[in-house]
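Participant: I am attaching a structure below and will ask some questions about it afterwards.
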Amino acid sequence: MATEILMPALSPTMEEGTLAKWLVKEGDTVSAGDILAEIETDKATMEFEAVDEGTLGKILVPAGTDGVKVNTPIAVLVEDGEDAEAAASAAKAPAPASAATDSTPAPAPATPKAAAPAPEPDVPEGTEMKSTTVREALRDAMAEEMRRDGTVFLMGEEVAEYQGAYKISQGLLDEFGSKRVIDTPITEHGFAGLGVGAAFGGLRPIVEFMTFNFAMQAMDQIVNSAAKTLYMSGGQMGCPMVFRGPNGAAARVAAQHSQDYAAWYAHIPGLKVVQPYSAADAKGLLKTAIRDPNPVIFLENEILYGRSFDVPVLEDFTLPFGKARIWREGTDVTIVSFGIGMTYALEAAEALAKDGISAEVIDLRTLRPLDTATVIESVKKTNRCVTVEEGFPVCSIGNHISAVLMQEAFDWLDAPVINCTGKDVPMPYAANLEKLALVTTKEVIDAAKSVTYR
Amino acid sequence: MATRKTPQKSNTSKEELLTFYREMLLIRRFEEKAGQLYGMGLIGGFCHLYIGQEAVVVGLEAATEEGDKRITSYRDHGHMLACGMDPKGVMAELTGREGGYSKGKGGSMHMFSKEKHFYGGHGIVGAQVPIGAGLAFADKYQENGRVTFVYFGDGAANQGQVAETYNMAELWDLPVIFVIENNQYAMGTAVKRATKSPDFWERGAAFGIKGEAVDGMDVLAVKAAGEKAVAHCRAGKGPYILEIMTYRYRGHSMSDPAKYRSREEVQKIREERDAIEHVRDLLLTGKHATEDELKEIDKQIKGVVNEAAEFAKESPEPALDELWTDIYADTAPQNA
Ligand SMILES: Cc1ncc(C[n+]2csc(CCOP(=O)(O)OP(=O)(O)O)c2C)c(N)n1
Ligand SMILES: [Mg+2]
């Protein structure tokens, strides 16, 4: 009986990939464990092994094809004596080969290209823009700062030889060498503390956590040592360093690997906290973070890494902390978010526009310092506010913004502020429950309708 | 890893060899199937396969008694199968279904069975080590004669909490066996790139803990070492360290391209050192079983694994109100 070989899923976030190369040809005998093909995922080039044995009857998707959806038949394996052609035509027709010609919309969390924002407010008009992934933008920011300042170095698990667990530090070892791009043992509390000491000692460390879930191991050094020493030393000893890495839920990685720590770090005086959404912000804010004389927590997001945005082509593009960005102007309701929460905020605004509700969407970009002025000014115009974040609801960023609005804009509010957040539960693994646990675009739309009494 | 010099000449029985063969093969076939289901998108997130390391858990489980406890990391499927958990329930957890050991809420990395004294399934590297010592603390406190096996990797062995735990375990003579599954890599980091003290079992000496290195591709050697460690613990002499030299054949997780080692390196170990092949050889050369009998076992195991996969596909997704259960032990489901 013929067996279809399907395009495999090779990472938690992979929905499609490139069939880079076939390592077998039609007519070859294959057995379990043989490498059939090389497949490029969003993160890496993977070898794809056979699980069944037989003869490779027909290749359905040629080498070099982009955008092959997971589970598309890519070849047919036949048993001895079977007719390859017949088996192949019995197989489902392969899905459209190229992503460009594929009209089916990608599922929400992997939209390849984000909607173009309102006119770029941070660069001179006419600046050339280049489509860049968040991943590349972060790498470029680190590389530029490392070229500029010899005291900047990068340290973390798998950042050097492996090129980063999420490939953010791709190429940095080659350019800067092992003195400045350093693989650590799995000892987060140790190397976070070591980074703090190195900063006291005159260097500018960038400490990468493979994900911020593992920074909980290092929390004491981040909070007690990095954040408080300047104060405790009467201003003598600062801690100029960056702790960075992916934060929040990826996809199906369950409770211990899915937490959003934005509110945790924003709670701490002495820390600065950044959580960018777009690639331009990732680049401009990371460069600022590396130059900042304080410890900066830089919260990235795995699902955003592969998304492309326009990034200004400028010699030295930095962005100030404490300045929110208005992505979309509107008059009926203010939607405030940051990081991946912006995905839901922008989608909701789009949908609300169709219903005649004009939403203003604000990306906070930095959570400490927090640009409350921009939020207040917007609410004075719209009189309503919805906040959006993936973190837990209790003591959330949204709670804080609500309190600020109550104190500073009470008379302008026509409805209580609604906080859309992740649910008050550890992240479940099951696909259906995970969907429920995350904040959704629909919840944002419903909240906006509720505060506008529609 | 040195090549195995002589085929192990031991006083093992035919029955024991057949049991080892069956149990190790079950793990391997189960893991291959899990890899396949992952590729089809039926399993999501992180999925860390145990292929290559089967002799470690199978050998050590043979040294346990009913009531002994075990705890490990995210690379946990083999441990669960070896301690007698149902392959159907494990596979259904991998697919995130109601029939899984955690009702689909934990996934590949987080499964537990009170009945089998399996305490997880932990995603944070090294975190299971003090927890395992705590299980042993409870046993000692309750004077029940039980022993706890704490499994962790060569990468985890460098975590600070491991050293802290060694100190307490010896200080209080806790009946815990620290099992370092040295598969030579922590993700892409070879042991020697993470430490200049690569003989992990020797670190116990700094705290007064005895230990040894064991050939983890030889299930009989593993069992023998396990028995020795168990005897030490049950005699009230405190903890023991077993550094078991093993190898993982697959990538760290499903998304690891494994460019940090050569295909030849993997191939060589598969061909020369494979633990299942070893037992197969012992069975055949000792005339304990014929090729046909082993084929029959292979077939049975394939059947068990296929059945588990079918169960895991057909078991329904958890009911939606499960989102709000199990957050606290003593209250009705929360709802927002
Ligand atoms: C505290 C913490 N840091 C990092 C990680 C990411 N991570 C998961 S497994 C792993 C490698 C662990 O290697 P090892 O202990 O040798 O176990 P193996 O995977 O080889 O079984 C890393 C770095 C994590 N899960 N937890
Ligand atoms: Mg290891």
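The values are calculated or read from the model by the stated rules, or taken from the named source; none is laboratory data. Predicted, not measured: the structure shown is a model, and the values here were computed from it. All Cβ positions, glycine included, derive from the backbone under ideal geometry; neighbour counts span all protein chains shown. Note: accessible area is taken over every heavy atom of the protein model, side chains too, but ligands, DNA and RNA are not part of it. Shrake-Rupley method; radii C 1.70, N 1.55, O 1.52, S 1.80 Å.
Participant: If we restrict to alpha carbons, what Rg and Dmax does the stretch A:320-394 come to, in Å?
Facilitator: Cα only, the stretch A:320-394: 11.7, 35 Å (Rg, Dmax).
Participant: Exceeding 18 Å between C-alpha atoms, which entries from my cross-link table qualify? They are A:179/B:259; A:21/A:167; A:354/A:449. Please report the intermediate quantities before stating the final value.
Facilitator: Values: A:179/B:259 22 Å; A:21/A:167 21 Å; A:354/A:449 12 Å.
Too far apart for the 18 Å limit: A:179/B:259; A:21/A:167.
Participant: Check each of the trypsin sites (Lys or Arg not before Pro) in the stretch B:198-302 and keep only those in coil by DSSP with at most 15 other C-beta atoms within 10 angstrom; list them in order. Spell out each step's value before the answer.
Facilitator: Numbers: sites: B:203, B:210, B:223, B:228, B:234, B:237, B:248, B:250, B:259, B:261, B:263, B:268, B:270, B:273, B:280, B:287, B:295, B:299, B:302; in loops: B:237, B:248, B:250, B:259, B:261, B:287.
Here the sparse-neighbourhood loop sites are B:237, B:259, B:261, B:287.
Participant: Would you work out which of A:77, B:308, B:96 lies farthest towards the positive end of the dipole of the protein assembly as shown, given +1 charges on the beta-carbon of Lys and Arg and -1 on that of Asp and Glu, about the Cα centre?
Facilitator: Value: B:96.
Participant: Evaluate the relative contact order of chain B (contact order divided by residue number), counting alpha-carbon pairs under 8 angstrom at least 6 apart; express in whole percent. Walk me through the numbers before you get to the answer.
Facilitator: Details: 619 pairs, mean separation 77.8, N = 336.
Computed value for chain B: 23 percent relative contact order.
Participant: Separate question: Using a 1.4 angstrom probe on heavy atoms only, work out the carbon and sulfur share of the accessible area of the protein assembly as shown in %. Before the final figure, lay out the partial values.
Facilitator: Numbers: 16850 of 31640 Å².
Carbon plus sulfur share of accessible area: 53 percent.
Participant: Counting only heavy atoms of protein chains, what accessible area per residue, in Å², does the protein assembly as shown have with a probe of 1.4 Å? Please list the in-between numbers first.
Facilitator: Details: 31640 Å² over 790 residues.
Heavy-atom SASA per residue in the protein assembly as shown reads 40 Å².
Participant: Here is a follow-up. For the stretch B:283-336, what is one quarter of the convex hull surface built on the Cα atoms, given in nm²?
Facilitator: Details: hull surface 27.9 nm².
Taking a quarter of the hull surface, the average projection is 7.0 nm².
Participant: Name the long-range amide H neighbours of residue A:204: under 5 Å, sequence gap of 5 or more, or other chain; modelled H, no Pro or chain starts.
Facilitator: Residues meeting the amide H criterion: A:152, A:153.
Participant: Still on this structure, please answer the following. State the dimensionless ratio Rg/Rh of the stretch A:325-451 (Rg: radius of gyration of Cα atoms; Rh: Kirkwood radius). Working shown, then result.
Facilitator: Values: Rg = 13.8 Å, Rh = 14.4 Å.
My calculation of the ratio gives 0.96.
Participant: List the aspartates and glutamates whose Cα sits under 13 Å from the Cα of residue A:381, skipping any in the same chain fewer than 8 residues away.
Facilitator: A:329, A:332, A:360, A:411, A:414
Participant: Find the sum over both chains of the accessible area lost when B and A are paired, probe 1.4 Å, and report it in Å² to the nearest 100. Present the calculation step by step, with values, prior to reporting the outcome.
Facilitator: Values: alone 15780 and 19860 Å², together 31640 Å².
In total, chains B and A hide about 4000 Å² from solvent.
Participant: Now, a different point. Per residue Cα convex hull volume for the protein assembly as shown, in cubic angstrom? Could you put the intermediate results ahead of the total?
Facilitator: On the way: hull volume 139.8 nm³, N = 790.
Taking only Cα atoms, the protein assembly as shown has a hull volume of 177 Å³ per residue.
Participant: In 5 Å bins starting at zero, report the fraction of Cα pairs in the stretch B:99-226 per bin as a rounded %.
Facilitator: Here the calculated profile for the stretch B:99-226 is 2, 10, 18, 21, 20, 17, 8, 4, 1, 0.
Participant: Next question, about the same structure. Pairs A:130/A:283; B:268/B:299; A:435/B:88; B:33/B:88; B:88/B:302: which exceed 18 Å Cα-Cα? The partial results should precede the final answer.
Facilitator: On the way: A:130/A:283 13 Å; B:268/B:299 27 Å; A:435/B:88 25 Å; B:33/B:88 12 Å; B:88/B:302 13 Å.
Long pairs (Cα-Cα over 18 Å): B:268/B:299; A:435/B:88.
Participant: At a 1.4 Å probe, which residues in the stretch A:414-436 are at least 10 Å² less accessible with all protein chains present than in their chain isolated?
Facilitator: Residues meeting the cut-off: A:423, A:424, A:425, A:426, A:428, A:429, A:430, A:431, A:432, A:433, A:436.
Participant: Where the only charges are on Cβ atoms (+1 Lys, Arg; -1 Asp, Glu), what is the dipole of chain A about its Cα centre, to the nearest 20 debye?
Facilitator: Dipole of chain A, to the nearest 20 debye: 1780 debye.
Participant: Same structure, new question: Can you run the Rg to Rh ratio on chain A? Use alpha carbon positions and the Kirkwood inverse-distance Rh.
Facilitator: Numbers: Rg = 24.1 Å, Rh = 23.7 Å.
Rounded to two decimals, Rg/Rh equals 1.02.
Participant: Now for a different question. Please provide three numbers in whole Å: the alpha-carbon extents of the stretch B:14-315 along the principal axes, with the largest listed first.
Facilitator: Over the stretch B:14-315, Cα extents along the principal axes are 50, 45, 41 Å.
Participant: If you add up the charges near residue A:22, with Lys and Arg at +1 and Asp and Glu at -1, over every other residue whose beta carbon is less than 14 angstrom from its beta carbon, what do you get? Display every interim value, and only then the final one.
Facilitator: On the way: positive: A:21, A:25, A:58; negative: A:26, A:28, A:34, A:38, A:40, A:47, A:49.
That sum, taken over residues with Cβ under 14 Å, equals -4.
Participant: Between the stretch B:14-47 and the stretch A:377-434, how far is it from one alpha carbon centroid to the other, in angstrom?
Facilitator: 45
Participant: To the nearest 10 degrees, how steeply does helix A:441-451 sit against the main Cα axis of chain A, on a 0 to 90 scale?
Facilitator: 30
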